[in-house]
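One structure is given here, and the rest of the page talks about it.
Every read-out reported here was derived from the displayed coordinates using simple, explicitly stated rules and does not represent laboratory data. In this text, all values refer to a predicted model and were calculated from it rather than measured experimentally.
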Amino acid sequence: MTLSEYMKQTRGAAKALADAVGTSPEYLWHLASGRKKCPDVTLCIAIERATDGLVRCEDVRPGVDWLYLRTSSSSPAMRTTPVQRGPAPGQVPPR
């Protein structure tokens, strides 16, 4: 599904998505129409996550080697689950 299709599917979808990814609906419409290019891969990732994968990074910014990023174990940007960190040295873990 394209970004444009996603935002057209229900009234208010563009506003909800913009709020979820921290930008404006107008900027998302510029990306969807091709008037602007998405300069930040983290925005592409945020869009994919916020749409539950319906809008893929590849559709928002096709010039990036997303396959490499998705399959690279050293790519923290593409992790689907947050990194779990233990307590700092000397701290007691919460119970």
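Note: relative contact order over the range 3-78, using C-alpha pairs below 8 Å and six or more positions apart, is 25 percent.
Cross-link reach is defined here as a Cα-Cα straight distance under 20 Å, omitting same-chain residues fewer than 8 places apart; for LYS8 the aspartates and glutamates meeting it are ASP19, GLU26, GLU48, ASP52, GLU58, ASP59. Derived from the Cα gyration tensor, the three semi-axes of the equivalent ellipsoid of the range 3-78 are 22, 13, 11 Å, largest first. Coupling constants for the range 14-22 follow from the phi torsions by the Karplus curve (6.51 cos²θ - 1.76 cosθ + 1.60, θ = phi - 60°), and in residue order they are 5, 5, 4, 5, 4, 4, 5, 9, x Hz; glycine and proline get x.
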